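K.L.:
If you scroll down you'll find the structure; I have some questions about it.
Readers should treat all values here as calculations from the given coordinates under stated rules, not as data from a laboratory. Note that this is a predicted model, so its numbers are computed, not measured. All Cβ positions, glycine included, derive from the backbone under ideal geometry; neighbour counts span all protein chains shown.
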Number of protein chains: 2
Amino acid sequence: MRRWNGWGDDTFNLTLPSDGHQFLSERIGAGQPLDDATLESVCAKVPRSRLPEDPAIDGLIDTGAETRVRHARGQSLADWLAMRSGDFGVFPDGVATPSTGAEVRQLLQYASRHNLHLIPYGGGTSVAGHINPVELDRPILTVSLSAMNRLLDLDPDSQIATFGAGTPGPLVESQLRAHGYTLGHFPQSFELSTVGGWVASRSSGQQSLRYGRIEQLFAGGTVETLKGTLQIPTIPASSAGPDIREIILGSEGRLGLITEVKVRISPLPDRESFHVVFFPSWSQARTACRKLVQNRTQLSMLRLSNAVETETQLALAGHPRLIGMLESFLSLRGTGDGKCMMTFGLTGSRHQCRSALRDARRICAEYKGVYTGTRLGAKWAEKRFTMPYLREALWQLGYAVDTLETATDWDNVDNLLGRIEDSLRTGLADRQESTHVFTHLSHFYGQGCSIYTTYVYRVADTYEETLARWQALKHQTSEVIVHNGGTISHQHGVGKDHAPYLPVEKGELGMMALRSLCKSFDPDALLNPQTLVD
Amino acid sequence: MRRWNGWGDDTFNLTLPSDGHQFLSERIGAGQPLDDATLESVCAKVPRSRLPEDPAIDGLIDTGAETRVRHARGQSLADWLAMRSGDFGVFPDGVATPSTGAEVRQLLQYASRHNLHLIPYGGGTSVAGHINPVELDRPILTVSLSAMNRLLDLDPDSQIATFGAGTPGPLVESQLRAHGYTLGHFPQSFELSTVGGWVASRSSGQQSLRYGRIEQLFAGGTVETLKGTLQIPTIPASSAGPDIREIILGSEGRLGLITEVKVRISPLPDRESFHVVFFPSWSQARTACRKLVQNRTQLSMLRLSNAVETETQLALAGHPRLIGMLESFLSLRGTGDGKCMMTFGLTGSRHQCRSALRDARRICAEYKGVYTGTRLGAKWAEKRFTMPYLREALWQLGYAVDTLETATDWDNVDNLLGRIEDSLRTGLADRQESTHVFTHLSHFYGQGCSIYTTYVYRVADTYEETLARWQALKHQTSEVIVHNGGTISHQHGVGKDHAPYLPVEKGELGMMALRSLCKSFDPDALLNPQTLVD
């Protein structure tokens, strides 16, 4: 069953190898876990629902405590601390689970009639507070799209599939695979996040180099709004004014509820493989990545770990003997301390993969990359969705882990990356605490790339102090990002956590444009309050 | 010098070969040209400017008759008939040519102070009435960006170049070429259209398969609005809410004046070549195109002429002996009547081009395509920007020519194409006139493609009737497009001519969103009235 207070299914646990534990302990000290609240104790805190009775929505809404607990938080570290401490603050007053667009329209009318807030809920995987209810005068109804999870149509000529917006990643792929297709959208939250959530939050998947971000995959669909139903037709490309798709992408529930999503699909590829190359230095490795993408080499994924991430991943891999052998081999080839690991994916016809591999190896070799084949790449592919389970394993050892991510132009990557890591590394110094910080680049464009930084710090004696540490790191580093040419989010969205930093990036007029859109679709500000824009 | 009443430079003329003339005459009858108005006679009709004196804009505005004539119309066939007849209707009250953002801001303040309409003017190449002044109570000031035509910055790492918005295609490419780069944006209007105009109207270039549409090339920039300056930062990709770039793309001067454009550039390619393949039938040719693009074969351009366009192009090519030999060769290979010509481009490294050529030939061969090498492709490349001059040549012979274009999903291409051609072919039947109609597909996506249809009809005895014929064809066929799953424009934009058909495509709520954006940036509706939305 899905964990009520953490990530994923409770039958799956990731165990940290003992030398991994030691590795962390040497760097930031021994951890001491805090006690977890029980589900029962949290349910006991859930107040009476404020939702008004209304025959029109009979049977659509569950006001039971456990359901409300299970839909009260996402997966940010602040959410995690709330769930672990049991100190949730606000719960939704009920959770509706409509099965049809007509039921969603009924719920919108219900919200309108009674002046309620309404929060659309996909997979509940937000790490930026998108679906968290906030303390407000009006009652709050969370609308889960989980019952709208089917493949509704597939057009093989135009390669367009229509899904219910609540379809989670595995059901998207399995329903397509039965017909010989793939969407190819693999965010790390893939196991739980939904196609509607991807659109609402502008997500990006690990193989975006081939398949594109959700912006490139989203072809149209249906959005139920307080002003009526918005149908976005599928048109391959158009110069007929600003694109309405682009207004819905990233709208985070502020304009309406996405109920049907039409996506651009691809035939299942003939071949797919993942390859690992080690570089002697960051500068060589980063330049090789830039050259690969600017050369339009047909890779399907690319990821570059910096030296600390490379060292950390090898230490946590749990195969000391094998890793030892690898290290000796790399040392012999001149790739020792400070080495950086690149993983790249090839997807397509045999001919395309062979041609791209040749290009990739040539470019990597120019920057002294040591190609090690597909063995480590296969490991990456095997574990590509298990990283979020690591938080659970670390938590048990008394460590908190979180990530920050952004994107910037190539000429600013090193500058911004350095500032982000510095901010996180020194951010708890006044509390006499250290953090362990490492970074990878994982989404690549001719113009620049994403920067994805992970940090681990020790859980404090209390939940309050543990949260305060997170708040300090998050706030300070978010300021660093937006004041140094980064976007406040490349793939996680704005939600409530990033909303304070958005105006620096969008500017006063950009914010005015977003507010005017919200105002026109939702003049009474009923939908997902305090998300995206205040 | 640039023609005041037609396309391009008046030192360049395209001559129709005599058998081309005969070809048309056999199909739609002999033409009889109408008399052209002189520039002097038109200048004499220009009324006194209604612009108020204002010391703040001293020297920025030209109210001379010829300047106002030269900025009164674009290049739609309706514009052409207005310019040829001298019956312009409305002229702008003056033309400003600012050199800096500060001067643009002064002009906006001037417009605001005196309640004037303001029309941004790039290359004046609109074929949808974007820059035409309309009869309104308030005076109209056209603002030409032509003095802002320089490369302002080039970042080789991030491959981003900054241009003044008024930089026309040839100056974009020549300034980049000096540094070893290309933008790769080649709309047919390339010789005259500007980078700011491309953004404002969401244009697409002939090599969009490699370089993308202007949406993919536009990285950010500066827009001067009535509410202040909107700076759009360059970020490779972001999930930080709806993308402000996408709100400016296609805004057609309704939100502000684009003054600086940052574009994503590419190093000049090692190789470039264009290849021609003939297919025995439309169905085989169209399927080969779909397969090529869905296979992600790295082509830089792709164009498929239907049988009538193929026949027409060969007839108008003016090399009867050479074409005769080609026809014999193709006939022997089973590709005779009804054959369709495909042109594809390869751009990139030697290795990439070779690999893509191999893929392309294999896929074409599966659909019985006869590959003829690069000779005809080189001809296409040589003449790629000269098609608009054909209107002049046909006009002298008494024929009017225009195009309609759209895009749709693959499963609808044949249906929509057939309906568009039928509508144009039979649209003048009640006037006892015929049209010659042919089509190509020229922008390709996994999901579908553009449809670009050309039609030629005889000029009538009067300008009024000639215009009425155009209006009948345009209106009827635009209705066919939007009611049969096409966009009202894939690459020309909305302007005033397509605005009546936009609501079918965008829907009531889509139109509401666009209007709310216009309202927030321009509450008094001063900017480019009746363009995009009414």
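K.L.:
With θ set to phi - 60° and the Karplus curve 6.51 cos²θ - 1.76 cosθ + 1.60, what are the ³J(HN,Hα) couplings of segment A:27-37 in order, to the nearest whole Hz, using x for Gly and Pro?
P.N.:
Working through the residues one at a time gives 8, 10, x, 6, x, 9, x, 9, 6, 8, 6 Hz.
K.L.:
Oh, and also: Antiparallel as a % of all DSSP beta bridges within the protein assembly as shown, to the nearest 5?
P.N.:
85 percent
K.L.:
Measure off 7 Å from each Cα along the Cα-to-Cβ vector at residue A:358 and residue A:422, then give the distance between these two points in nanometres to one decimal.
P.N.:
Reported label-point gap for residue A:358 and residue A:422 is 4.5 nm.
K.L.:
How high is the FRET efficiency between residue A:430 and residue A:283 when r is their beta carbon distance and R₀ equals 30 Å, given to the nearest 0.05?
P.N.:
Values: r = 32 Å, r/R0 = 1.07.
About 0.40, to the nearest 0.05.
K.L.:
Continuing with this model, one more query. What does the structure give for A:225-235 when I average, per residue, the other chain Cβ atoms found within 10 Å of the residue Cβ?
P.N.:
Values: counts 2, 0, 4, 4, 3, 7, 5, 5, 11, 7, 14.
Taking the mean over all residues of the peptide, I get 6.
K.L.:
Moving on to the next point. So, with +1 on the Cβ of K and R and -1 on the Cβ of D and E, and no other charges, what is the size of the charge dipole of segment A:266-361 about its Cα centre, to the nearest 20 debye?
P.N.:
So the dipole magnitude of segment A:266-361 works out to roughly 400 debye.
K.L.:
While we're here: List, in order, the whole-Hz ³J(HN,Hα) value for each residue of segment A:352-360 obtained from phi through the Karplus relation with A = 6.51, B = -1.76, C = 1.60 and θ = phi - 60°; use x for Gly and Pro.
P.N.:
Per-residue couplings from phi come out as 5, 5, 5, 5, 5, 4, 4, 4, 5 Hz.
K.L.:
Return the equivalent ellipsoid semi-axes of chain A as a descending list in whole Å, where each equals the square root of 5 times an eigenvalue of the C-alpha gyration tensor.
P.N.:
Details: eigenvalues 278, 167, 89 Å².
In descending order, the three semi-axes are 37, 29, 21 Å.
K.L.:
Sticking with the crude label model, points 7 Å out along Cα→Cβ, report the distance from residue B:323 to residue A:329 in nm, one decimal please.
P.N.:
6.3 nm
K.L.:
Quick one: what are the phi-derived ³J(HN,Hα) couplings along segment A:139-155, Karplus 6.51/-1.76/1.60 with θ = phi - 60°, whole Hz, x for glycine and proline?
P.N.:
Listing the rounded values in order: x, 10, 10, 8, 10, 8, 8, 5, 7, 9, 10, 10, 6, 9, 6, 9, 10 Hz.
K.L.:
Related question: Output needed for segment A:406-518: three equivalent-ellipsoid semi-axes, defined as square roots of 5 times the C-alpha gyration tensor eigenvalues, in descending order, whole Å. Please report the intermediate quantities before stating the final value.
P.N.:
On the way: eigenvalues 135, 73, 24 Å².
Those come to 26, 19, 11 Å.
K.L.:
Just checking the output field for A:409-417: average partner chain Cβ neighbours within 10 Å of each residue's Cβ? Please list the in-between numbers first.
P.N.:
Details: counts 12, 7, 7, 5, 3, 0, 0, 0, 0.
That works out to 4 on average.
K.L.:
Going by amide H atoms built from the backbone, whose H comes under 5 Å of the H on residue A:259, apart from near neighbours?
P.N.:
Amide H to amide H, under 5 Å and 5 or more residues apart or across chains, residue A:259 pairs with A:222, A:223, A:224.
K.L.:
Ok, one more. Restricting to Cα pairs below 8 Å that are 6+ residues apart, what does the relative contact order work out to for segment B:33-144? Please round to a whole percent.
P.N.:
On the way: 168 pairs, mean separation 37.7, N = 112.
Relative contact order comes out at 34 percent.
K.L.:
Sticking with the crude label model, points 7 Å out along Cα→Cβ, report the distance from residue A:9 to residue B:41 in nm, one decimal please.
P.N.:
Reported label-point gap for residue A:9 and residue B:41 is 8.2 nm.
K.L.:
Once amide H atoms are built 1.01 Å from N in the peptide plane, which residues 5 or more positions from residue A:96, or in another chain, come under 5 Å H to H?
P.N.:
Under 5 Å from the amide H of residue A:96: A:62, A:142, A:143, A:144.
K.L.:
Just to be sure I understand: of the beta bridges DSSP finds with both ends in segment B:33-144, what percent are antiparallel, rounded to 5? Present the calculation step by step, with values, prior to reporting the outcome.
P.N.:
Working: 2 of 10 bridges.
Bridges in segment B:33-144 are about 20 percent antiparallel.
K.L.:
Dipole size in debye (nearest 20) for chain B around its Cα centre, Lys and Arg Cβ +1, Asp and Glu Cβ -1? It would help to have the intermediate numbers written out before the result.
P.N.:
Working: 53 positive and 58 negative charges, 364 e Å.
Dipole size: approximately 1740 debye.
K.L.:
Something else: For q values of 0.10, 0.15 Å⁻¹, compute log₁₀ I(q)/I(0) with the Debye formula on a Cα-only model of segment B:33-144, without solvent.
P.N.:
-0.28, -0.62
K.L.:
Given the options B:233, B:148, B:190, identify the residue whose Cα lies farthest towards the positive end of the charge dipole of segment B:144-298 (+1 on Cβ of Lys, Arg; -1 on Cβ of Asp, Glu).
P.N.:
B:190
K.L.:
Under the definition of Cα pairs under 8 Å and six or more residues apart, what whole-number percent is the relative contact order of segment B:271-382? Don't skip to the answer; put the middle values down first.
P.N.:
On the way: 175 pairs, mean separation 60.8, N = 112.
Result for segment B:271-382 is 54 percent.
K.L.:
Moving on to the next point. Could you please report the charge total around residue B:471, scoring K, R as +1 and D, E as -1 over all other residues with beta-carbon less than 14 angstrom from its beta-carbon?
P.N.:
Values: positive: B:431, B:469, B:474, B:496; negative: B:79, B:402, B:430, B:433, B:464, B:465, B:479, B:497.
Combined, the nearby Lys, Arg, Asp and Glu give -4.
K.L.:
Report Rg(Cα)/(2.2 N^0.38 Å) for the protein assembly as shown, keeping two decimals.
P.N.:
Working: Rg = 30.2 Å, N = 1068, 2.2 N^0.38 = 31.1 Å.
Taking the Cα Rg and dividing by 2.2 N^0.38 Å, one obtains 0.97.
K.L.:
Related question: Residue A:475 to residue B:386: FRET efficiency via 1/(1 + (r/R0)^6), r the Cβ-Cβ distance, R0 45 Å, to the nearest 0.05?
P.N.:
On the way: r = 59 Å, r/R0 = 1.32.
FRET efficiency, residue A:475 to residue B:386: 0.15.
K.L.:
Quick one: compute a quarter of the convex hull surface over the Cα atoms of segment B:151-267 and quote it in nm².
P.N.:
Details: hull surface 27.8 nm².
Convex hull of Cα atoms, orientation-averaged projection: 6.9 nm².
K.L.:
Given Cα pairs under 8 Å that are at least 6 residues apart, what percent is the relative contact order of chain A?
P.N.:
Details: 1094 pairs, mean separation 94.7, N = 534.
This gives 18 percent for chain A.
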